[in-house]
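Nothing in this text is a laboratory measurement; each read-out follows from the coordinates by a stated rule. Please read these numbers as outputs of a predicted model, since none were measured by experiment. Note: ideal-geometry Cβ built from the backbone for every residue, glycine included; neighbour counts use all protein chains shown.
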Amino acid sequence: MSGITYYEPHWLWLLLLIPGMIAFYILRQQRTSAALHMPGLRQFEGAGITFRHYLMHILFALRTVAVALLIIVLARPQKTDRFQNITTEGIDIMFALDISGSMLARDFRPDRLEASKNVATEFISGRPYDRMGLVVFSGESFTQCPLTTDHAVLVNLMREIQSGMIEDGTAIGNGLATAINRIKDSEAVSKVIILLTDGVNNRGEIAPSTAADIAKTYGIRVYTIGVGTRGTAPYPVQTPFGIQYQNMPVEIDEDILKEIASKTGGTYFRATDNDKLVQVYAEIDKLEKSKIDVRQFTRKEEKFMLPSVIAFILIALESLVKLTFLKKIT
C-alpha cells in the first residue's frame with residue numbers, strides 16, 4: 001500500500017493565499033484604465049490587443065503555479081510504501097529473575113546478574129511484537145514491570161534492578177507464582193515464563209512444584225534456566241574488611257527446574273558462562289518464534305524534488321518571457 005503524506009503539513013495552509021492572489025490580479029486588471037485622455041488619437045482606435053498582451057496573463061499563471069509548488073515543497077511530500085501482514089495472536093512472556101546475593105558471583109562477566117540482564121535485554125529487543133513483563137525474586141518476590149508492549153520501559157526497569165533490593169534468599173516457588181499471577185489472565189495464544197535462578201529453593205510459602213502445577217493449569221509454558229559454572233565459583237562474602245570473593249561450590253537445584261519445565265511443556269537449560277547464556281535465549285527465541293507470524297515493511301521516500309524542479313523551471317520561463325517577448329511591454 002502506498003500514498004503521499006507530508007512531513008510538515010502545516011505549510012499547506014499557505015495554499016490559501018493562492019485564491020487571494022488570483023482575486024487580487026483579476027481585480028487589478030478590471031481597474032486598469034487610461035488616466036489621461038488626449039485628443040487626436042482616433043487613428044489608434046482600431047488597433048487590437050496583440051498576443052503579447054495575453055502573454056502577460058500567462059506570466060501570472062506561471063508565477064502562481066510556481067508559488068503553489070514551492071509551498072508543497074516546504075511541506076515535504078513523502079511517498080509511504082507499506083506492507084503489513086500481522087497476526088493478532090501474539091505471545092506474552094514474563095521474566096522471573098533471581099536477584100539473590102549469589103547472583104553477584106563472578107563466574108560470568110561482570111557477574112551473573114548483570115550478564116542475565118544484558119542477555120535478556122537483547123532478547124526483548126529482538127521480539128518487538130510480544131508483550132513482556134518482569135518479576136524479580138530472592139527471599140520474596142514482586143512485579144518489577146507488568147506485561148507491556150512498551151519495551152523501552154521494560155528495558156529501563158530491567159537495568160534498574162540490583163541484588164539487595166529485597167530480602168535475600170531464593171524463593172523459586174514464590175517467584176514463579178508471582179509471574180503466573182501476572183500472566184494467567186492473558187488472552188494471548190501462547191503464555192510463557194522464563195525463570196532464571198542460580199540456587200536452591202530455600203524460602204517462600206509456595207513450593208516450586210506446586211507453582212508448576214498452577215502454571216500447567218493455566219496453560220503457561222515455563223522455560224527454566226540454571227545459571228552458574230560447574231564446580232566452584234567466586235561468590236561475594238561479607239567480611240570485616242568488606243565484600244570479598246571466595247570460591248564456593250555452585251549449587252543449583254536442577255531436578256526441580258527440570259520438573260517445572262517438564263510439567264508445563266517447557267525446557268530446562270543450563271548456562272555455564274556468558275556465551276552459553278546467549279545460546280539459551282537464542283534457543284528459546286527459536287522455539288517460540290513459530291507461534292506468531294509477523295511481517296511489517298515501511299519505507300518513506302522524499303518526493304519534493306519533482307515539484308521543486310518544476311517550480312524553478314516555471315520561474316525561469318517567466319523571466320525568459322519577460323526578457324524576450326514582453327521586453328517592451330513590461
Would you mind checking which residues have amide H under 5 Å from LEU134's amide H? H placed 1.01 Å from N; only 5 or more apart, or other chain. PHE95, GLN144, CYS145
Rounded to whole Hz and in sequence order, give me ³J(HN,Hα) for the stretch 177-183 from the Karplus expression 6.51 cos²θ - 1.76 cosθ + 1.60, θ = phi - 60°, writing x for Gly and Pro. 5, 5, 5, 4, 4, 7, 10
Viscosity 0.692 mPa s, temperature 37 °C: what is the translational diffusion coefficient of the stretch 88-292 from Stokes-Einstein with a Kirkwood Rh over Cα pairs, rounded to a whole number of µm²/s? 196
Once amide hydrogens are built 1.01 Å from N within the peptide plane, the residues lying 5 or more places from ASP107 or on another chain with amide H under 5 Å from its amide H are ARG112
Under 16 Å from the Cα of LYS258 - aspartates and glutamates, other chains or at least 8 residues apart: ASP198, ASP213
Most to least packed among 5-17, 247-259 [average Cβ atoms within 10 Å]: 247-259, 5-17
Cross-link reach list, aspartates and glutamates versus LYS303, counting only Cα pairs under 19 Å and skipping chain neighbours closer than eight places: GLU8, ASP81
Violating pairs (Cα-Cα greater than 24 angstrom) within the set LYS117/LYS216; LYS191/LYS300; LYS216/LYS276; LYS191/LYS263; LYS117/LYS300: LYS117/LYS216; LYS191/LYS300; LYS216/LYS276; LYS117/LYS300
Under a 5 Å amide H to amide H cut-off, with H placed in plane at 1.01 Å, what residues pair with ILE206 once short-range neighbours are removed? ASN174
Please give the Cα centre distance for the stretch 97-112 versus the stretch 117-164, rounded to the nearest Å. 16
Going by average Cβ density within 10 Å per residue, which order do the peptides 212-224, 159-171, 137-149 take, highest to lowest? 212-224, 137-149, 159-171
With +1 on each Lys and Arg Cβ and -1 on each Asp and Glu Cβ, and nothing else charged, work out how big the dipole of the stretch 112-230 is about its Cα centre, in Debye to the nearest 20. 340
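Please give the charge dipole size of the stretch 88-292, origin at the Cα centre, charges +1 on K and R Cβ atoms and -1 on D and E Cβ atoms. Round to the nearest 20 debye.
Numbers: 21 positive and 28 negative charges, 74 e Å.
Charge dipole, the stretch 88-292, about its Cα centre: 360 debye, nearest 20.
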